[in-house]
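Notes for the one structure printed next.
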Amino acid sequence: MALVNIHFQNLQNNYLFADIAKKVNAFKVMHPKADVISLGIGDVTQPLCPAVIEAMHKAVDEMATAEGFRGYGPEQGYDFLREAILKNDFLPRGIHLDIDEVFINDGAKSDTGNFQELLHWDNFIGVTDPIYPVYIDSNVMIGRCGTYRDDRWTNVRYLPTTAENGFVPELPKGRPVDVIYLCYPNNPTGTVITKQELRKWVNYALKNDALILYDAAYQAYIRDPEIPRSIYEIRGARKCAVEFHSYSKTAGFTGIRCGYTIVPKDVSVATFEGERIPLNQLWLRRQCTKFNGTSYVSQRAAEAIYSPEGKQQIKATIDYYMDNAARMLATLRSLGYECYGGENAPYIWMRTPDGMSSWSFFEALLYGANVVCTPGVGFGPSGEGYVRFTAFGTHERTNEALERIKVWNK
Ligand SMILES: *Cc1c(COP(=O)(O)O)cnc(C)c1O
């Protein structure tokens with residue numbers, strides 16, 4: 001008899017974006033003529049830049065020849081891309097990493113979800129709240145989170161980040177956490193962490209022998225030069241942190257699939273006997289068994305964003321989205337809404353007016369202005385009373401949505 005992994009049955013069914021789609025479809029059935037604008041989705045809208053397209057065409061043509069054909073590549077990625085990453089993303093910030101510390105992935109979702117496999121099932125995890133749902137759900141699947149009660153998992157330490165604490169999570173009190181997920185710039189709040197605050201987390205991890213899993217998927221959106229773009233800008237981080245990067249938001253790769261994970265050789269975890277096991281070797285072993293590499297064409301595409309033209313072109317697209325963010329912030333604030341984020345991230349996190357719940361505001365906005373936002377509570381209990389707007393739309397549609405919100409507010 002084949003038995004099910006019961007932990008999958010513990011997963012909460014309500015997948016946020018499916019619920020949103022259901023409500024939007026119900027609205028459309030009742031109002032077939034309405035033109036609904038979504039400021040809710042987390043996907044990009046602008047096409048790939050010319051440097052990337054050119055590199056992909058070239059890579060495809062190579063594959064069409066006997067000499068240029070590539071079959072299985074190295075599981076950890078091609079050196080041409082790993083070298084470009086070291087040279088462009090880390091060396092200019094004074095971070096010296098070894099090429100073997102870079103693992104090319106097929107997106108940060110897979111690796112942030114899979115990395116927990118290397119850790120004993122009863123590690124105690126901590127997450128900032130609200131948060132990208134992948135971190136918790138991937139831990140639920142292996143039975144690490146306990147039971148779900150009152151909108152929370154019993155074996156997860158939730159660290160609230162709200163307007164009340166300035167979106168700066170406090171270090172865990174009481175039982176220390178073993179594994180901490182941090183995401184900066186943050187999805188969904190769009191807020192960032194300063195070097196001083198991040199240093200507290202690195203020191204906490206070093207002191208408690210904890211592991212930090214740091215998601216830097218939005219680092220390309222940071223404009224403030226004082227804000228760290230990598231946790232390795234903090235001394236000691238290479239002993240306690242693994243960092244995930246993605247080209248999805250950096251260069252519109254949501255449909256291409258490529259990113260990378262940094263696993264420094266100095267990061268290790270313990271056995272019950274007190275032996276230290278380096279995660280770098282373990283991750284390589286795991287990847288060689290379960291992953292056959294990101295496609296050659298995708299890796300050539302990623303390499304192209306580090307060319308002088310590529311850099312300029314992806315910056316233009318990021319500026320395009322950040323223009324949206326600036327206009328969204330200005331308009332929403334002028335209407336009296338309390339907004340956060342949007343300055344170093346493509347997300348605006350808005351407090352709902354008059355203590356409305358996230359879902360009531362979502363419905364009011366959908367029916368009143370035909371604009372879709374994302375209910376904050378879908379990202380965790382501390383997201384209640386907030387909604388998220390994304391800056392990934394086109395200028396035209398974003399402006400139109402803002403005009404409608406203005407009219408609706410009168
Ligand atoms: C979009 C996003 C990612 C990137 O996922 P990919 O698999 O690389 O597309 C990772 N983390 C967060 C928090 C995100 O919002």
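Those helices (runs of 4 or more DSSP H) of the range 1-87 in which 2 or more residues are under 30 Å from Arg229 (Cβ atoms) occupy 16-30, 50-63, 79-85.
One residue stands out in the range 197-221 among those that are under 11 Å from the mean Cα position of the chain (by Cα) and of a type in the set (Gly, Ala, Ser): the one that is surrounded by the most Cβ atoms within 10 Å (Cβ to Cβ), namely Ala216. Would you point out the residue of the range 178-196, among those that are within 11 Å of the ligand (Cβ to nearest atom) and not in a loop (DSSP other than H, G, I, E, B), that is surrounded by the most Cβ atoms within 10 Å (Cβ to Cβ)? It comes out as Tyr181. For the range 137-156, the count of residues that are touching a Phe, Trp or Tyr at 6+ places or on another chain (Cβ under 6 Å), within 14 Å of the ligand (Cβ to nearest atom) and not in a loop (DSSP other than H, G, I, E, B) is zero.
Could you check how many residues of the range 226-250 are of a type outside the set (Lys, Arg) and more than 14 Å from Asp89 (Cα to Cα)? Residues meeting the conditions: 9.
Within the range 159-166, identify whether any single residue is in contact (Cβ under 8 Å) with a residue 24 or more places away in the chain, part of a loop (DSSP other than H, G, I, E, B), hydroxyl-bearing (Ser, Thr, Tyr) and touching a helix residue (DSSP H, G or I) at 6+ places or on another chain (Cβ under 7 Å), and answer yes or no. Checked the range 159-166: at least one residue is in contact (Cβ under 8 Å) with a residue 24 or more places away in the chain, part of a loop (DSSP other than H, G, I, E, B), hydroxyl-bearing (Ser, Thr, Tyr) and touching a helix residue (DSSP H, G or I) at 6+ places or on another chain (Cβ under 7 Å). Restricted to the range 93-112, and to residues there that are more than 14 Å from the ligand (Cβ to nearest atom) and in a helix (DSSP H, G or I), the residue that is farthest from Gly73 (Cα to Cα) is Arg93. Residues considered: Glu338, Glu275. Of these, the only one that is touching a residue at least 60 places away in the same chain (Cβ under 8 Å), farther than 21 Å from Asp79 by Cβ and acidic (Asp, Glu) is Glu338.
Quick grid of which residues meet (1) more than 16 Å from the ligand (Cβ to nearest atom); (2) more than 24 Å from the chain's Cα centre (by Cα); (3) at positive phi:
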{"site": "Leu3", "(1), (2), (3)": "yes, yes, no"}
{"site": "Asp19", "(1), (2), (3)": "yes, no, no"}
{"site": "Ile53", "(1), (2), (3)": "yes, yes, no"}
{"site": "Gly73", "(1), (2), (3)": "yes, yes, no"}
{"site": "Gln76", "(1), (2), (3)": "yes, no, no"}
{"site": "Lys87", "(1), (2), (3)": "yes, no, no"}
{"site": "Leu91", "(1), (2), (3)": "yes, no, no"}
{"site": "Asn114", "(1), (2), (3)": "no, no, no"}
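So Val134 clears everything in (1) over 16 Å from the mean Cα position of the chain (by Cα); (2) within 16 Å of the ligand (Cβ to nearest atom); (3) closer than 30 Å to Leu86 by Cβ; (4) not hydroxyl-bearing (Ser, Thr, Tyr) except one condition, right? Which one? Single failed check for Val134: (1). Among residues of the range 91-103 that are without any contact (Cβ under 8 Å) to a residue 24 or more places away in the chain and among the basic types (Lys, Arg), none has a beta-carbon under 6 Å from a residue that is surrounded by 12 or more Cβ atoms within 10 Å (Cβ to Cβ) and part of a loop (DSSP other than H, G, I, E, B) at least six positions away or on a different chain.
Put simply, of Ala216, Ala220 the only residue that is hydrophobic (A, V, I, L, M, F, W, C) and within 21 Å of Pro130 (Cα to Cα) is Ala216.
Is it true that some residue in the range 62-72 is surrounded by 13 or more Cβ atoms within 10 Å (Cβ to Cβ) and among the hydrophobic types (A, V, I, L, M, F, W, C)? Yes, because at least one residue in the range 62-72 is surrounded by 13 or more Cβ atoms within 10 Å (Cβ to Cβ) and among the hydrophobic types (A, V, I, L, M, F, W, C). Checked against the criterion of being touching a strand residue (DSSP E or B) at 6+ places or on another chain (Cβ under 7 Å) and either in contact (Cβ under 8 Å) with a residue 40 or more places away in the chain or within 29 Å of Pro130 (Cβ to Cβ) (or both), the range 303-323 contains not a single residue that satisfies it.
Rundown of residues vs (1) under 25 Å from Pro278 (Cα atoms); (2) of a type in the set (Asp, Glu); (3) out of contact with any Ser or Thr (no Cβ under 8 Å at 6 or more places or on another chain), yes/no style:
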residue	(1), (2), (3)
Ile136	yes, no, yes
Asn139	yes, no, yes
Gly146	no, no, no
Asp150	no, yes, yes
Thr161	no, no, no
Cys183	yes, no, no
Asn186	no, no, no
Leu211	yes, no, yes
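Contact annotation: residue pairs with Cβ atoms under 6 Å, 6 or more positions apart or on different chains, pairing a residue in the range 13-33 that is touching a residue at least 40 places away in the same chain (Cβ under 8 Å) with a partner that is assigned to a helix (DSSP H, G or I) and of a type in the set (A, V, I, L, M), are Phe27/Leu366. If you check Asp122 against the conditions, is it touching a helix residue (DSSP H, G or I) at 6+ places or on another chain (Cβ under 8 Å) and either more than 15 Å from the ligand (Cβ to nearest atom) or acidic (Asp, Glu) (or both)? So Asp122 does not fit the description; no.
Every number here is computed from the coordinates shown, using simple stated rules; none is lab data. These numbers were taken from a predicted model, which means no experiment stands behind them. Cβ sites come from the backbone with ideal geometry, for glycine too, and all protein chains shown count toward neighbours.
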